[in-house]
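Reading through the structure tokens given below for one structure.
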Amino acid sequence: MDAQRTSGLHTQLLKGVLDLAILVVLERGPTYGYEVAKRLREAGIDSVGEASVYGTLRRLFDGGALSSRVEPSESGPNRKYYELTSVGRDQLEHSTKTWSTFTDSMNNLLEIEATA
Amino acid sequence: MNMNATTTTPATTAFLDAVRIYLSDLPEHEREDLMADIEQHVAEVAAEWDGPLTTILGSPLAFVDDYRQSAHVPVAPPSPEPPPLLDRAVRLVERLRTSDQVSAANVYLHDARPGWWGIRGYIGATSALQLLTGSPSPTTLDPAAHGLIGIALIALSMFLSIHLGRRSQKRTWRRRLAILVNVAVVLLAFTAGSQLRANAMQARHASG
């Protein structure tokens, strides 16, 4: 598989779990879009577009998983802080379990196939 | 828009204008709510990154497509009768405005603004002095010709012009005032130039 295809697969996989990644970041406390994108980048989740973070925040907000409030910032424009709601915490718990089950299954499969 | 002086540049404005156009099919409250998020994000990126915005954010169209995909917002249906010439013109302008080269040029122009503000103050003061003194030749272009008071007035005008330029980035009413000052300086310079030309013609007739 060449580098381009690997990168494309990486992006697709990340897009599939971006909801979970953002919920995990917000579990630590309320924060704003740019900070979410920055923390994802620092964690190595850097191949999704920055706009995807806002799109996902929007969708999670519309779905009731997040609440938001606007606060003034000394360094520039007002910042919209997002926070997990009880719906968001339930979604985070459920998604984390699903992710763990999925990765365990994939790891098992890879090990079985590698030793077969 | 609610950006401060350190983050509002022609490049950020061009990027945000283009994004707003590509989101024009969304309901106004949804679009403006999203634009507030994007303005904040672009300001943060611009504050931390000196290069072209498109290197970090992608093109405005790609940015909007990415957003729509992740937010599950459908792409706008094409207009039944698109005005091809206008549409092409808008796309061309947007492509030029968001290209790396134009973004880089915008950065240089942005950095050169204090110089332009100084020149605006100089032209305004010398034109006003020209009109007040009614000098037959363009001696007002030489501040020394007006002695200490003339030099002080020109220096004060340049200082005020630069001060206004800097402050006008923060508040809308100051931006409007700056536009009025620009118009006034152009009118002053035009009137002073006309007066000079009339004086020169009069002098030519008198000598002839």
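Only the coordinates and a few stated rules stand behind these numbers; no lab work does. Since we're looking at a predicted model, the values are computed, not measured. Note that each Cβ is placed from the backbone with ideal geometry, even for glycine, and that neighbours are counted across all protein chains shown.
From zero up to wherever the largest Cα-Cα distance of chain A sits, split into 5 Å bins and tell me the percent of pairs in each.
For chain A, the binned pair fractions read 2, 10, 18, 19, 19, 12, 8, 6, 3, 1, 1, 0, 0 percent.
Arranged from highest to lowest average of other beta-carbon atoms within 10 Å per residue, in what order do the peptides B:15-21, A:58-64, B:38-44 appear?
B:38-44, B:15-21, A:58-64
Could you sort A:85-96, A:100-111 so that the peptide with the highest average Cβ count within 10 Å comes first and the rest follow in order?
A:85-96, A:100-111
Using a 10 Å cut-off around each Cβ of peptide B:45-52, what is the average number of partner chain Cβ atoms that fall inside?
For peptide B:45-52, the averaged partner shielding equals 1.
Residues of segment B:185-208 with amide nitrogen under 19 Å from the 7 Å Cα-to-Cβ point of B:Leu132?
What the label zone holds, given the 19 Å backbone N cut-off, is B:185-196.
Taking beta carbons within 10 Å but only from partner chains, what does the mean come to for residues B:31-38?
4
For A:Thr31, which sequence-distant residues (separation of 5 or more, or a different chain) have an amide H within less than 5 Å of its own amide H, given hydrogens modelled in the peptide plane?
Excluding prolines and chain starts, which carry no amide H, the hits are A:Tyr82.
Report the label-to-label distance for B:Ser194 and A:Leu20 in nanometres (one decimal), using points 7 Å from each Cα along the Cα→Cβ vector.
If labels sit at B:Ser194 and A:Leu20, their model points lie 7.4 nm apart.
So what J values fall out for segment B:192-202 if you push phi through Karplus, 6.51 cos²θ - 1.76 cosθ + 1.60 with θ = phi - 60°, rounded to Hz, Gly and Pro as x?
5, x, 4, 4, 4, 5, 4, 4, 5, 5, 4
So if each residue of separation counts as 0.36 nm, and I subtract the Cα-Cα distance between A:Ser68 and A:Ala116, what length gain in nm does that give?
12.2 nm
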